[in-house]
């Protein structure tokens, strides 16, 4: 698909990290972009800095997502591109024994469910709205739209404490081909990027020695990924009409260890 000022895009989680880098890359090509994010203050700042439109959005809510898409389309028209970067997780062992008291504690089911709702269901909720909208548009160069999801190395090599996050991201990987098949007759492509360890705002809170150690785990190049490298991959998926129904690793060949 061509990437120019005639195209509109939605980027969820677009106010920071991988999402913001993607917003910047799309805006550099003239694309009309709507940033979906829960954090209004950061979202407004990102929109002002990039010339995008901010739409406050909670991907856990049907109503919020519907309102955000309606707002984005009123400003930019029907989106042809959806990039889903909204997500998050926690780190809780499945079951653990307290070192001091010996008390056995279990992973709270509500916390497990929340991570799945945020990542897997939240992504799917945005996909369904974007796909329905794209289906109402005429094809451009044979395509109606492109959808890109974000998984994680945890989907296949989850570390200790990442049971919920691994399950949630594996769910995104697992539904990618199925959704691509569902939407193939409508000329809408669906792919997923599976990043390794990236230097994002969440990672910025970690001590430098920890970041250096994590970067050294990557075979080559031995460093953390840069957000603009994710954005570059997203733009190539949009451009290349033969990339469909697949998950592409973007991780410097790292395979995560247990911890």
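The values are calculated or read from the model by the stated rules, or taken from the named source; none is laboratory data. Remember, predicted model here, so these are calculated numbers, not experimental data. In this analysis, Cβ positions are derived from the backbone assuming ideal geometry, glycine residues included, and neighbour counts consider all displayed protein chains.
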Only one of 255, 259 is touching a residue at least 40 places away in the same chain (Cβ under 8 Å), in a loop (DSSP other than H, G, I, E, B), in contact with a helix residue (DSSP H, G or I) (Cβ under 9 Å, 6 or more places away or on another chain) and loosely packed, with under 15 Cβ neighbours inside 10 Å, namely 255
- Query: Would you say residue 154 is touching a helix residue (DSSP H, G or I) at 6+ places or on another chain (Cβ under 9 Å) and either at pLDDT below 95 or over 20 Å from residue 69 (Cα atoms) (or both)?
  - Reply: yes
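Kindly indicate which of 137, 167, 131 is surrounded by fewer than 21 Cβ atoms within 10 Å (Cβ to Cβ), touching a strand residue (DSSP E or B) at 6+ places or on another chain (Cβ under 9 Å), in a helix (DSSP H, G or I) and touching a residue at least 40 places away in the same chain (Cβ under 8 Å). Please lay out each step first, then the result.
On the way: 137 fails: in a helix (DSSP H, G or I); 167 fails: touching a strand residue (DSSP E or B) at 6+ places or on another chain (Cβ under 9 Å).
Residue meeting the stated conditions: 131.
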When every residue in the stretch 81-118 that is in contact with a strand residue (DSSP E or B) (Cβ under 9 Å, 6 or more places away or on another chain) and surrounded by 22 or more Cβ atoms within 10 Å (Cβ to Cβ) is compared, the one farthest from residue 14 (Cα to Cα) is 81
Check: In this structure, does residue 224 turn out to be touching a strand residue (DSSP E or B) at 6+ places or on another chain (Cβ under 7 Å) and farther than 18 Å from residue 237 by Cα?
Finding: yes
